[in-house]
1. Between Glu190 and Thr168, what is 0.36 nm times their sequence separation minus the Cα-Cα distance? Round to one decimal in nm.
2. Can you work out the Karplus-derived ³J(HN,Hα) for every residue in segment 133-148? Use 6.51 cos²θ - 1.76 cosθ + 1.60 with θ = phi - 60°, whole Hz, and x for glycine or proline.
3. Name the trypsin sites (Lys or Arg not before Pro) in segment 123-204 that are in a loop by DSSP and that have at most 11 other C-beta atoms within 10 Å, would you?
4. Give me the one-decimal nm value for the distance between modelled label points at Glu122 and Arg108, 7 Å along each residue's Cα-to-Cβ direction.
5. State in Å² the accessible area per residue of segment 42-196; use a 1.4 Å probe, count heavy atoms of protein chains only, and round to the nearest integer.
6. Take segment 42-196, compute every pairwise Cα distance, and split them into 10 Å bins from 0; I just need the percent in each bin.
7. Excluding Pro110 itself, calculate the net charge of residues whose Cβ lies under 13 Å from the Cβ of Pro110, where each Lys or Arg counts +1 and each Asp or Glu counts -1.
8. Jot down the radius of gyration and Dmax of segment 29-78, Cα atoms only, both in angstrom.
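The values are calculated or read from the model by the stated rules, or taken from the named source; none is laboratory data. What you see is a predicted model; the values in this text were computed from it and never measured. Counting neighbours? That spans all protein chains shown, and the Cβs are built from the backbone with ideal geometry, glycine included. Keep in mind that these areas ignore ligands, DNA and RNA; they rest on the heavy atoms of the full protein, side chains included. Shrake-Rupley method; radii C 1.70, N 1.55, O 1.52, S 1.80 Å.
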Amino acid sequence: MRLPLILLIATLPGCGALSALQGEPDRDLFELRPPPAFTCSRSRVGELVVEPPKARATLDSNRIMIRPSALQTQYLPDAEWGDTVPAMLQRLLVQSLGATGAYGHVGRAPLGLSGDVALISEIGDFNAELAPEGALVRLTVEAQMVSEMDAQVVSRASFSAAVPAAGTRTADLIPAFDTASQQLVAQMTEWAVRASGVGPGGCS
C-alpha cells in the first residue's frame, strides 16, 4: 500500500512540519507617517545628513516586535513593516526635517564629500509591550548632532514615546505605533532644528 505523499515527506529525515513546506505566510505591510510639518522662517542652516540609525539584531528587521515579557521577544505573525525599522525611522526623520525648511538640504547622504551636520542615532526600543491589561507601544532613541567639519558633538539627547494600544490585535497595535512614531520624530525634529541654531522663535 502506498503512503500519501505528504506523509512520506513528513517522515523523511530533516523535514519539519507541513507548515515548513508551505513557505512564509503572507503578511500585511504597514508604513508609518511623519508628524505634521512645522516650518522655519529663518535662513537655512546648511546641509544635514541623517545617518542610518543603529539597532541591535532583533530590531534591524522589518518584523514588528512585541514583548510578552521583559526578557522575551516575538514578532507579529500576520504583519510586517514595509522596510527595516532603522530604514523606516531614517526616512521619517528625513521627511520631517526636510519639511521644516531649516536646512538647505536634508538627505541620507551628503551632496558632496560631507554635509555640515550629521544626525547619528541608536534605537533602543521599537516594540509593543504586552500585559494582561493590554498593550503599550514603546519607542526610545538616543541621538547626537555632530559637526562634520571637526567631528565634534554639537548636542545629544534621549527621546521616548509610549502610547497605549486599544487592544493586542494587529489592527489595534499599528495605530499606536503610528502615534508613537509621530511623537518621537516630532521630538527629534524640534531638537535637531534647535541644535542647528534655529531657535523656537524661528519656527511655527
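1. Length gained, Glu190 through Thr168: 4.8 nm.
2. 8, x, 9, 10, 7, 10, 10, 9, 9, 9, 9, 9, 9, 10, 6, 6
3. none
4. Label-label distance for Glu122 and Arg108, simple model: 2.3 nm.
5. On a per-residue basis, segment 42-196 sits at 46 Å².
6. For segment 42-196, the binned pair fractions read 11, 40, 30, 15, 5, 0 percent.
7. Within the 13 Å Cβ shell, the charges total -3.
8. Every Cα atom of segment 29-78 included, Rg and Dmax give 17.3, 48 Å.
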